[in-house]
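Encoded as structure tokens, the structure appears first; notes follow it.
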Amino acid sequence: QVQLVESGGGLVQPGGSLRLSCAASGLIFSINTMGWYRQFPGKERELVTKISRRGNTNYGDSVKGRFTISRDNAKNTVYLQMNSLKPEDTAVYYCNGDVQVFGTEDYAVYWGKGTLVTVSS
């Protein structure tokens, strides 16, 4: 019914930048909060940042001042601009969205399959 697809991951040198995108498609009536999470090997997934439909944002302490989340509601897309990247930012990055499907009243959280970001010289 709903698919989220991330793009933009890859290899970048320390201090560099990357921009991730996540496009949601399918039988979408509305999307509330959208977010980015990351997962390090052997660790649980952790919140990077999230944004409400109105644009209110929250950031994890480790990325404040370096990462910026934004969204385009008309395109059902959320972005993550990552600057001043560090080797410890290396992880698989996942997006999610709190989605109301057409014909339903409830919202459900859908996840993308993730995109790998590697920060290394």
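Give a quick list of trypsin sites (Lys or Arg not before Pro) in region 57-121 that DSSP marks as loop, anything other than H, G, I, E or B, with at most 16 other Cβ atoms within 10 Å.
Details: sites: Lys64, Arg66, Arg71, Lys75, Lys113; in loops: Lys64, Arg66, Lys113.
Those satisfying the criteria are Lys64, Arg66, Lys113.
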Quiz prompt | Label zone at Leu27, where the point sits 7 Å out along the Cα-to-Cβ direction: region 72-106 residues whose backbone N lies under 18 Å | solution = 98-106
Self-check item: Spread of Cα-to-Cα distances over 10 Å intervals beginning at zero, given as percent, for the chain
Solution: 14, 47, 29, 9, 1
Quiz item: Using unit Cβ charges (K, R positive; D, E negative) and no other charged atoms, how large, in debye to the nearest 20, is the dipole of the chain about its Cα centre?
Solution: 280
Practice problem: Scan around Ile28 for amide H atoms under 5 Å from its own, H built in the peptide plane at 1.01 Å from N, and keep only partners 5 or more places away or cross-chain. | Solution: Phe102
Exercise. Please turn the phi angles of region 92-98 into ³J(HN,Hα) values with the Karplus equation 6.51 cos²θ - 1.76 cosθ + 1.60 (θ = phi - 60°), one per residue in order, whole Hz, x for glycine and proline.
Key: 8, 9, 10, 10, 9, x, 9
Practice problem: At 7 Å along the Cα-to-beta-carbon direction for both Leu116 and Asn73, put a label point, then send me their distance in nm to one decimal. | Solution: 3.7
Self-check item: DSSP-loop GluC sites (Glu not before Pro) across region 13-94, with at most 11 other Cβ within 10 angstrom
Solution: Glu44
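Values quoted throughout were computed directly from the atomic coordinates according to the rules given, and no laboratory measurement underlies them. Since this is a predicted model, take the numbers as computed values, not measurements. Cβ coordinates were reconstructed from backbone atoms using ideal geometry, including for glycine residues, and neighbour counts include every protein chain displayed.
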